[in-house]
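Here's the structure, in structure tokens; my notes come after.
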Amino acid sequence: MLNPPQIRGRLGESAAAAFQGDRFVLDETASWLTSVTARELLRIDHDARQFRYEGPALGLSERWTREVLASPVPVVAVLASMHPDGYVRERAVRSLATSLDALSDRALAVRVSDHVVVIREVAVREVLRRRTLDHADRVVPLLHRIEQRGRGFEVLALYLRALITEHGEANVWARLRMSADHDLRRAAFRHSFDSGLLGLPDATVLLPAERDHVVRRRLIEVIADSATPDVVAEVLLRDRSAESRTLALVKLTAAQLDPADVERLLLDSSVLTRLWARRRWQEMGRDPAVVYAATARSTATPVLRARAYTGLAETGTAIERQEVVALVGSAELPLRKVGLSLLRGRATAEDVPLLVRSVAGDHSRVARLAAEVLISNPGVWALSELAPLKAAEDPELRRRAWWIHRRRGGWEAVIADLELLHDPDPRLAGMGRQRELPMYSRPTATQQRRITELLSTAPIERHHRRFIAFAAGLPDLAEASGRDHAQSG
């Protein structure tokens with residue numbers, strides 16, 4: 001969607017094309033106004049009619065002469081129907097009433113909420129006359145949005161009543177459920193189920209192919225609330241969405257579930273699904289940790305083995321540290337990631353070289369997990385061990401080293417930022433300017449020396465340098481910064 005200045009610019013170009021008869025630009029404008037959603041078209045109409053000191057986006061009303069509005073190109077009248085001048089809009093709407101162009105349908109639907117009564121009456125009368133299902137595709141999305149706004153809200157009910165009289169309720173709502181407008185389509189599905197036009201059999205057929213998450217949720221609710229346990233198990237337990245699988249486990253008791261289904265869902269990708277699968281598995285008198293342990297140490301795929309290790313951790317089962325370290329060193333990416341997740345809070349100094357290598361690796365997620373392990377175990381590594389990363393040619397590796405250093409907190413975070421200010425990569429150096437000074441603490445002597453070194457060459461303003469020096473307990477450096485400032489003044 002264009003922003004307001006872009007919309008006004010495009011409308012201005014389109015108006016100029018209407019005055020000059022530039023067919024190429026007008027065709028582009030027609031394509032634009034045809035392709036935008038109902039929400040976007042109402043936004044364009046609002047921006048077109050908004051008062052501007054520099055004048056209307058669609059040009060002065062005097063330029064919209066009878067000759068211009070007599071253009072055989074329908075988009076000219078469509079543009080005029082959005083002009084802030086009511087007289088221009090009225091003439092445009094009367095012109096649109098004689099046009100059978102698809103864009104005219106949309107423009108007339110917009111005007112049913114016009115604040116000028118005569119314009120509104122003409123638009124409403126003409127919209128209610130256009131009652132084919134093709135007309136409905138173009139008109140109803142706009143009327144549905146206008147219904148939520150106030151003026152013109154009653155037109156949707158009148159139009160739907162006329163459509164249903166002519167085509168039948170089932171046909172009308174079936175067509176609206178096919179709408180390209182997401183809001184209208186969702187409302188059509190909601191109405192269809194609430195009114196009984198659709199029921200459980202329809203929901204079970206529609207769910208597998210449905211992509212809209214709001215419609216899917218409605219279908220899932222219908223199946224979960226109305227279907228027999230065997231249907232819930234057949235349709236929802238095997239559905240691709242975690243919401244379906246979890247809801248099925250919630251709805252069905254242990255006695256209604258097939259142990260094979262529950263065992264499979266113990267290794268589901270969803271945390272919530274795994275939780276409910278464990279509950280049902282325990283209600284069956286079985287231990288989920290046994291399944292997890294067997295799968296984790298089996299020849300199953302790396303993804304399933306990784307989920308099994310995660311499941312073991314979720315049950316509180318202890319996993320030997322050596323096994324976790326072996327996972328971190330695995331050649332399989334899912335196992336490396338789960339190993340790093342399990343190592344958090346348990347790393348030792350022996351693991352640091354492997355973790356630093358993981359931080360320097362090509363896979364960003366692995367690097368992030370390894371960095372989090374180092375951050376969660378600050379006592380097992382020294383800042384000197386980040387030196388190879390800080391000196392790397394790749395700016396991304398230097399950024400990772402800065403992030404780990406910064407997460408040490410306290411004055412180390414300030415030092416990390418000051419170091420980054422010296423980085424040769426301007427984008428990276430800019431990240432070092434977002435520093436907060438520690439409250440109620442002073443740096444150690446070693447930290448003070450490092451801050452003194454960095455402040456002397458840091459590309460920051462003098463008052464910032466002086467502020468950091470004072471907070472760090474470096475009065476001599478602070479006074480020197482103050483004298484430099486005074487002399488420069």
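Compared with the alpha-carbon gap, the fully stretched path from Asp287 to Val231 is longer by 17.5 nm at 0.36 nm per residue. Between Leu428 and Thr301, the simple label model (points 7 Å from Cα in the Cβ direction) yields a spacing of 3.7 nm.
In the stretch 1-130, a dipole from Cβ-located charges (positive for Lys and Arg, negative for Asp and Glu) runs towards its positive end, and of Leu2, Ser113, Leu69 it is Ser113 whose Cα lies farthest in that direction.
Return one quarter of the surface area of the convex hull spanned by the alpha-carbon atoms of the chain, equal to its mean projected area, in nm². Can you show the working numbers first?
Working: hull surface 140.5 nm².
Value for the chain: 35.1 nm².
Which whole-number percent gives the relative contact order of the chain, counting Cα pairs below 8 Å spaced six or more residues apart?
Working: 559 pairs, mean separation 23.9, N = 489.
Dividing the mean separation by the residue count of the chain yields 5 percent.
Spacing of the modelled spin labels on Ala170 and Phe19, each 7 Å from Cα toward Cβ, amounts to 5.6 nm. What is the Cα centroid distance between the stretch 408-478 and the stretch 95-129, reported in whole angstrom? Taking the Cα centre of the stretch 95-129 as reference, the centre of the stretch 408-478 is 66 Å away. Compared with the dominant Cα axis of the chain, that is its longest principal axis, helix 213-226 is turned about 90°.
Where only protein heavy atoms count, and the probe is 1.4 Å, what is the accessible area per residue for the chain in Å²? Can you show the working numbers first?
Working: 24470 Å² over 489 residues.
Solvent-accessible surface per residue comes out at 50 Å².
The charge dipole of the chain, taken about its Cα centre with unit charges on the Cβ of Lys, Arg, Asp and Glu (plus for the first two, minus for the last two), comes to roughly 580 debye.
Can you pull out the trypsin sites (Lys or Arg not before Pro) in the stretch 271-315 whose DSSP state is coil and whose Cβ has at most 15 other Cβ atoms within 10 Å? Spell out each step's value before the answer.
Numbers: sites: Arg274, Arg278, Arg279, Arg280, Arg286, Arg297, Arg305, Arg307; in loops: Arg286, Arg297.
Filter output for the stretch 271-315: Arg297.
Compactness of the stretch 204-361 is given as radius of gyration and Dmax, 18.4, 58 Å, from Cα positions. Since only Ala174, His463, Val291 are under comparison, the one whose Cα sits farthest along the positive direction of the charge dipole of the chain, derived from C-beta charges on Lys, Arg, Asp and Glu, is His463. Under 13 Å from a label point set 7 Å out along the Cα-to-Cβ vector of Arg344, the amide N atoms of the stretch 376-398 belong to 376-377. Count Lys and Arg as plus one, Asp and Glu as minus one, and take only other residues whose Cβ is under 9 Å from that of Pro334; the net charge is then +3.
Please report the orientation-averaged projected area of the stretch 199-286, defined via the convex hull of its C-alpha atoms, in nm². Don't skip to the answer; put the middle values down first.
Numbers: hull surface 20.5 nm².
Quarter of the Cα hull surface area: 5.1 nm².
Computed from label points 7 Å out along Cα-Cβ, the spacing between Asp183 and Glu332 is 4.8 nm.
Once you have a ≥ b ≥ c as the square roots of the Cα gyration tensor eigenvalues for the stretch 1-130, tell me rounded if a/c is under 1.5, and otherwise prolate or oblate according to whether a/b is larger than b/c. Here the stretch 1-130 falls in the rounded category. Under a model in which nothing but the beta-carbon of Lys, Arg (+1) and Asp, Glu (-1) is charged, the stretch 1-130 shows a dipole of about 320 debye around its Cα centre.
The values are calculated or read from the model by the stated rules, or taken from the named source; none is laboratory data. None of the values given here were measured: they were computed from a predicted structure. As a convention, Cβ positions derive from the backbone with ideal geometry for all residues, glycine included, and neighbour counts pool all protein chains shown. Surface areas here come from the heavy atoms of the whole protein model, side chains and all, with no ligands, DNA or RNA. Shrake-Rupley method; radii C 1.70, N 1.55, O 1.52, S 1.80 Å.
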